[in-house]
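Only the coordinates and a few stated rules stand behind these numbers; no lab work does. A quick note: this is a predicted structure, and the numbers were derived from the prediction, not measured. When we count neighbours, we look across all protein chains shown, and the Cβ atoms used for this are built from the backbone with ideal geometry, even at glycine.
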Amino acid sequence: MKKHTMMIAASLAGALALVGQSTAQTPRGSDAFVLEMLGQRGWEVSCRLTQDDGDVIESRERGRGLHDNGRFAIGDVTGGLCSYNVPDQGELRLTMTVEHTGFNCPFAITEAGFCRAYLRPGQSGSFQITRTSPAVTGS
């Protein structure tokens, strides 16, 4: 019984350590920019984002396999520009978090309020990241 209890305690401690790591990597608050990508083959998404302190963050994700995903999660974003490229034999779905964030949706809003775009083979282009309201800053 002691071994069983010790194993459960060790498992819980490990799980809590992992939870702490994953939440530390995701910005919180109304100014976090979150863009998720899911696609097939050699797609590419890059963003150049400006933060409220004037810093410019450049991020890029690429897919290579049959089903690859990527994610940008950046805090204090005031705006920016993202571009995408989908190969002739690929496809790409972009999902941007806009609920409770203050960001405008640059795509059609579908599927239970998600800001989402389905990009077809051979498509490329860009979209602007804009805010509906200024970033909330602490006092």
Review point. According to a simple spin-label model (label point 7 Å from Cα along Cα-to-Cβ), what is the distance in nm between A108 and L66?
Key: 2.9
**Study point:** region 27-129 - percent relative contact order, Cα under 8 Å, separation 6 or more
**Key:** 32
**Study point:** Rounded to whole Hz, the Karplus (6.51, -1.76, 1.60) HN-Hα couplings of region 70-84, x for glycine and proline
**Key:** x, 7, 10, 9, 10, x, 6, 7, 9, x, x, 9, 10, 10, 9
Review point. DSSP loop GluC sites (Glu not before Pro) in region 32-139 with at most 15 other Cβ atoms within 10 Å of their Cβ, which ones?
Key: E99, E111
Check your understanding: What nm distance separates the two modelled labels at R120 and H100, each placed 7 Å from Cα along Cα→Cβ?
Key -> 3.6
Point to revise | Residues whose placed amide H lies under 5 Å from that of V98, excluding near-sequence neighbours | key: C115
